[in-house]
Amino acid sequence: MSYILIIGAKSDIAKAVAREYAKHGYDLYLAARNAHELHKFARDISVRSQRIVKILELDIRDFKSHHFFYEQLEEKPLGTISAVGYLGTQYKAQTNFHELQRIVETNFTGIANLLNIVASDLEQRRHGFIVGITSVAGDRGRKKNYIYGSAKAALGAYLSGLRNSLHGAGVHVMTVKPGFVATKMTAGMDLPERLTAQPEDVAKVLFKAQQKKKNEIYVKSVWRWIMMIVKVIPEWKFKKMDI
């Protein structure tokens with residue numbers, strides 16, 4: 001069975017995705033910063049699923065390391081799933097360049113740089129898939145998180161172009177927009193229950209959609225309609241809204 005490479009593998013969503021793919025018979029590369037923290041999790045998956053699970057050190061912001069990281073994989077993955085994300089602090093990023101840089105490099109530049117390397121390999125092999133987890137925050141800039149949202153919007157545009165570029169080579173690219181998810185990153189937020197998914201929900205929907213070669217999905221379909229409404233609000237009205 002082929003390997004699936006999951007980047008940002010310490011996140012709650014990434015762990016749920018790893019369990020889902022292992023359950024369906026895939027071996028795993030789990031890549032993250034301070035990857036040693038994943039050893040216990042990896043052993044648990046391996047025991048439960050009887051799949052091979054390898055831990056890899058990866059700093060998504062260390063751009064120069066990306067080529068070596070991918071080249072040293074003994075078996076190149078069938079699919080790569082990016083679950084990397086950093087919400088950051090909007091107000092801090094407005095005045096602190098390092099926070100701005102961290103948000104943009106973590107949510108867009110670093111991912112794009114690594115996926116360019118993956119995409120080049122898959123294009124030559126003429127099969128495989130890439131999945132990028134973005135955010136509904138990228139559908140329209142809002143004053144409460146427009147820096148994070150703009151980075152996610154950039155990732156969405158990148159994945160759309162990559163999908164177009166790789167289609168002729170038989171490589172599938174899918175964009176995933178989870179909406180609210182109950183994770184460590186959103187802990188303490190007052191999230192509406194009807195609009196909030198669990199990491200396991202994201203994993204199951206993502207796996208099924210990837211197997212069906214969907215292009216872009218919202219984990220909870222209600223978000224498609226919510227964001228459709230948000231996007232058609234006239235700018236003169238939208239700029240006065242507190243959302």
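Laboratory data are not the source of any read-out in this text; all were calculated from the coordinates shown. A quick note: this is a predicted structure, and the numbers were derived from the prediction, not measured. We place every Cβ from the backbone using ideal geometry, glycine too, and count neighbours over all the protein chains shown.
Worth pointing out:
- Amide H contacts of Ala197 (H built 1.01 Å from N, in plane; Pro and chain starts excluded): Phe180, Val181, Ala182 sit under 5 Å, all sequence-distant by 5 or more or on other chains.
- Cross-link pairs Lys64/Lys204; Lys10/Lys54; Lys23/Lys214; Lys177/Lys212; Lys144/Lys184 - those with Cα-Cα distance over 23 Å: Lys64/Lys204
- Distance between the range 124-153 and the range 37-87 - C-alpha centres, whole angstrom: 20 Å
- Relative contact order of the chain: 18 percent, from C-alpha pairs under 8 Å at least 6 residues apart in sequence.
- Net charge of neighbours whose Cβ lies under 14 Å from the Cβ of Leu73, counting Lys and Arg as +1 and Asp and Glu as -1: -3
- Restricting the calculation to alpha carbons of the range 2-80 gives Rg and Dmax of 11.7, 36 angstrom.
- In whole percents, the pair-distance distribution calculated for the range 100-175 from its alpha-carbon pairs, binned every 10 Å from zero, is 21, 48, 24, 7, 0.
- Calculated FRET efficiency for the pair Lys40/Gln72, C-beta based, R₀ 30 Å, to 0.05: 0.80
- Rounded to the nearest 20, the Cβ-based charge dipole of the range 170-243 about its Cα centre (Lys and Arg +1, Asp and Glu -1) stands at 320 debye.
- Cα extents of the range 76-204 along the three principal axes, largest first (Å): 44, 35, 24
- The GluC sites (Glu not before Pro) of the range 70-110 meeting both criteria, a DSSP state outside H, G, I, E and B (loop) and at most 14 other C-beta atoms within 10 angstrom of the site's C-beta, are Glu74, Glu75.
- Surrounding net charge for Ala42, when Lys and Arg each add one and Asp and Glu each subtract one, Cβ distance under 14 Å: +4
- Report summary: the helix-based calculation at 222 nm, which adds -39500 (n - 2.57) for every DSSP H run with n ≥ 4 and divides by the residues of the chain, gives -13000 deg cm²/dmol.
- Inter-site label distance for Ser2 and Leu195 at 7 Å from Cα along Cβ, in nm: 3.7 nm
- Kirkwood radius, the range 1-45, all distinct C-alpha pairs, inverse of mean reciprocal distance: 10.4 Å.
- Magnitude of the charge dipole, the chain, Cβ model with Lys/Arg +1 and Asp/Glu -1, debye to 20: 740 debye
- Semi-axes of the equivalent ellipsoid for the chain, Cα gyration tensor, largest first, Å: 29, 19, 19
- Most fluctuating residue given options Gly156, Gly132, Gly110, as computed from a GNM of the chain linking Cα atoms under 10 Å: Gly110
- The Kirkwood radius of the range 144-232, taken over pairs of alpha-carbon atoms, gives through the Stokes-Einstein law at 20 °C and 1.002 mPa s a diffusion coefficient of 148 µm² s⁻¹.
- Local net charge near Lys240, Cβ-Cβ under 13 Å (Lys/Arg +1, Asp/Glu -1): +2
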